[in-house]
Amino acid sequence: MTPYQPPKQSRRGQLIDAATMLALIFVTLFVTTFIVRFEAGNTASGTKSSPVKQLSELPLSDAERAQYQKMIDAEMVDLTSVNASVAAKQSASEKYRFSVLALLGTIVLLVGYLTFVYRTSLHEYREVIAEKFGPRYERAKP
């Protein structure tokens, strides 16, 4: 029996495959960055700035208040950034919003992609087995 020799791909084909993969990766990264910046811009422009509260008015424990005061005295932070930090730390019901429709769309897309990959891989696997061991191991097509 002769050893299995996989089909050869030309250099041109390899370069096209590599360039396609790189292009898809860059497009994905740039589109994601664009969407995140677009949403951040909409969020920032749609919010009204709240007045800066003094440390005594913020919902902090005494230890936290003392630590923040030390940081302000050492000029590590200012009162505005302390307010932002405390606001970000507070729990809110709308802090982690998501769309059910987007979630379902993602699930459908993922299942479709995984089904495609599975079927394609199975087809390729069967071709390799048939090529290596002959047609007697090839499964009859429905």
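Report the local net charge at MET71: Lys and Arg +1, Asp and Glu -1, summed over other residues whose C-beta lies under 14 Å from its C-beta. Could the numbers behind the result be given before it?
Details: positive: ARG65, LYS70; negative: GLU64, ASP73, GLU75, ASP78.
Summing Lys/Arg as +1 and Asp/Glu as -1 gives -2.
Spin-label point model (7 Å from Cα, Cβ direction): what's the SER61 to TYR118 distance in nm?
If labels sit at SER61 and TYR118, their model points lie 4.9 nm apart.
What are the principal axis extents of the Cα atoms in the stretch 50-97, in Å, biggest first?
Principal extents (Cα only, largest first): 37, 19, 16 Å.
Peptides 72-85, 98-111: what's the order by average Cβ count within 10 Å, highest mean first?
Packing proxy ranking, top to bottom: 72-85, 98-111.
Just so you know, all these numbers are worked out from the coordinates, no wet-lab data involved. All figures in this text were calculated on a predicted structure; none of them were measured in a lab. Every residue, glycine among them, receives a Cβ derived from its backbone with ideal geometry; neighbour counts consider all protein chains shown.
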